[in-house]
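Below is one structure, written out as structure tokens; the observations come after it.
The values are calculated or read from the model by the stated rules, or taken from the named source; none is laboratory data. Bear in mind that the values here come from a model prediction, so they are computed numbers and not experimental data. Note that each Cβ is placed from the backbone with ideal geometry, even for glycine, and that neighbours are counted across all protein chains shown.
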């Protein structure tokens, strides 16, 4: 089995690229969905997040309100930079280790099911979480800065100015694309059309798929 990390900045199009790989035969899990499941009421991560960030981040039914949690962690532009950084790191210390354990368990299960599988973990903060060592290959998805804003605005149905501020706020907590690209085995530029992105995905898949069998025989790069 070949373990592949798929990452990139906010609204770069990681999910679109991930689904393209799935259509070609890859197995995929999204770290964001893992985090969602770990934040269900009664889960250990949920309890720790509420303990650290307060019940103000909860919906009336007790579930975590993602927007309120983001506001509590990332803060507003009026909050001092040092305090914002400390709060983000506080949230990451709670969530990242649990997500990484779940990712590793999922990849182990995929290997049991199919020793030649290409198992992809899609995660925005894969490098930030220190999880790169878990993977044989790394794919970074990029796009133009203004596209991030437009896509984020469309996704949340908010105006461009609000989206721009939110994207900048969240990108400040992420490793810049330039640094992510240095850690990448493959870079997919998602600035163009869906077809143009798909044309970049196909040759990457052609290299990854044969690697799955070689990884089982102990000759993967990492």
*With respect to residue 200, is the statement that it is surrounded by 15 or more Cβ atoms within 10 Å (Cβ to Cβ), under 18 Å from residue 17 (Cα atoms) and without any contact (Cβ under 8 Å) to a residue 24 or more places away in the chain true?*
yes
_Residues satisfying the stated conditions in segment 66-78, i.e. under 19 Å from residue 32 (Cα atoms) and touching a helix residue (DSSP H, G or I) at 6+ places or on another chain (Cβ under 6 Å)_ = 68, 69, 72, 73, 74
*asked:* Residues that are touching a residue at least 24 places away in the same chain (Cβ under 8 Å), closer than 27 Å to residue 172 by Cβ, buried (at least 18 other Cβ atoms within 10 Å of the Cβ) and touching a strand residue (DSSP E or B) at 6+ places or on another chain (Cβ under 9 Å): does segment 64-71 have at least one?
replied: yes
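Residues are listed down the side, and each one gets a yes or a no for (1) more than 22 Å from residue 156 (Cβ to Cβ); (2) surrounded by 19 or more Cβ atoms within 10 Å (Cβ to Cβ):
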residue	(1), (2)
3	yes, yes
12	no, yes
15	no, no
20	yes, yes
54	yes, no
57	no, yes
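Report whether or not residue 17 is within 23 Å of residue 72 (Cα to Cα) and at pLDDT 95 or above. I'd like the intermediate steps shown before the answer.
Numbers: within 23 Å of residue 72 (Cα to Cα): no; at pLDDT 95 or above: yes.
Judged against the criteria, residue 17 is not a match.
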*Say we look at segment 116-125 and pick out the residues that are at pLDDT 95 or above and closer than 17 Å to residue 175 by Cβ; which of these is farthest from the chain's Cα centre (by Cα)?*
121
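Would you tally the residues in segment 19-52 being more than 16 Å from residue 100 (Cβ to Cβ), in a loop (DSSP other than H, G, I, E, B) and without any contact (Cβ under 8 Å) to a residue 24 or more places away in the chain?
Count: 3.
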*When segment 161-174 is examined, which residues are found to be touching a residue at least 12 places away in the same chain (Cβ under 8 Å) and more than 12 Å from residue 10 (Cβ to Cβ)?*
165
